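Structure, as structure tokens:
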């Protein structure tokens, strides 16, 4: 097992939310809503799901997708490398591989300790998945038309900001539109 901290120092306990491999974009970047777990949060979700029930990678992808009501599905290109790294760290072990070569992962004692030491982060990631922090999950009570409008606004802002730099007058107008929208939302 290689010392992962040499390659990814953020995997040490107690530092930020750590990094995963890949972008955590839903459906491989197609139709997803972007980062759901934040930088590195997926590894804590995977560890907790495996602690709850040893699983294959595909089962983990489906479990996350199901918990998020189909709004997000981590790509295999994010999940499988993260599982491999967690295995290399000694947090996971392969319980069995079926005839098709699929690995069923189980959490190790080391993984249990790491999860316990990072319980607050793991709980925060699971809460996000259940809509408890910022409404990322399906039970957050956000109507689909509101979610569509939020994503539409974010896209419009990104597209405008990716063009030429805003002049001071344009920046003031941009901010005024956003401030006005925020004020109107507070009155609903």
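Got a sec? Which of 155, 166, 126 is under 24 Å from the mean Cα position of the chain (by Cα), at pLDDT 75 or above and surrounded by 13 or more Cβ atoms within 10 Å (Cβ to Cβ)?
Details: 155 fails: surrounded by 13 or more Cβ atoms within 10 Å (Cβ to Cβ); 166 fails: under 24 Å from the mean Cα position of the chain (by Cα).
Result of the check over 155, 166, 126: 126.
Just need a number here: residues in the range 75-98 that are closer than 16 Å to residue 53 by Cβ and part of a strand (DSSP E or B).
Adding up the residues that qualify gives 5.
Given the condition modelled with pLDDT under 90, surrounded by fewer than 14 Cβ atoms within 10 Å (Cβ to Cβ) and on the phi > 0 side of the Ramachandran plot, answer yes or no: does some residue in the range 69-88 qualify?
Yes, because at least one residue in the range 69-88 is modelled with pLDDT under 90, surrounded by fewer than 14 Cβ atoms within 10 Å (Cβ to Cβ) and on the phi > 0 side of the Ramachandran plot.
Check 101, 111 and return the single one that is in the same structural domain as residue 63 (by TED's automatic domain parsing), modelled with pLDDT of 80 or more and within 25 Å of residue 61 (Cβ to Cβ).
Details: 101 fails: modelled with pLDDT of 80 or more.
Every option except 111 fails the conditions.
Residues in the range 54-72: is at least one touching a strand residue (DSSP E or B) at 6+ places or on another chain (Cβ under 9 Å), in a loop (DSSP other than H, G, I, E, B) and more than 29 Å from residue 143 (Cβ to Cβ)?
For the range 54-72, residues touching a strand residue (DSSP E or B) at 6+ places or on another chain (Cβ under 9 Å), in a loop (DSSP other than H, G, I, E, B) and more than 29 Å from residue 143 (Cβ to Cβ): present.
Which condition number does residue 91 fail, the rest of (1) crowded, with 17+ Cβ neighbours inside 10 Å; (2) over 16 Å from the mean Cα position of the chain (by Cα); (3) at pLDDT below 80 being met?
Every listed condition holds for residue 91 apart from (3).
With the requirement that a residue be over 15 Å from residue 125 (Cα atoms) and modelled with pLDDT under 90, what does the range 50-68 give you?
Scanning the range 50-68 gives a single hit, 66.
The values are calculated or read from the model by the stated rules, or taken from the named source; none is laboratory data. This one's a predicted model, so the numbers in the text were calculated from it and none came from an experiment. Note: ideal-geometry Cβ built from the backbone for every residue, glycine included; neighbour counts use all protein chains shown.
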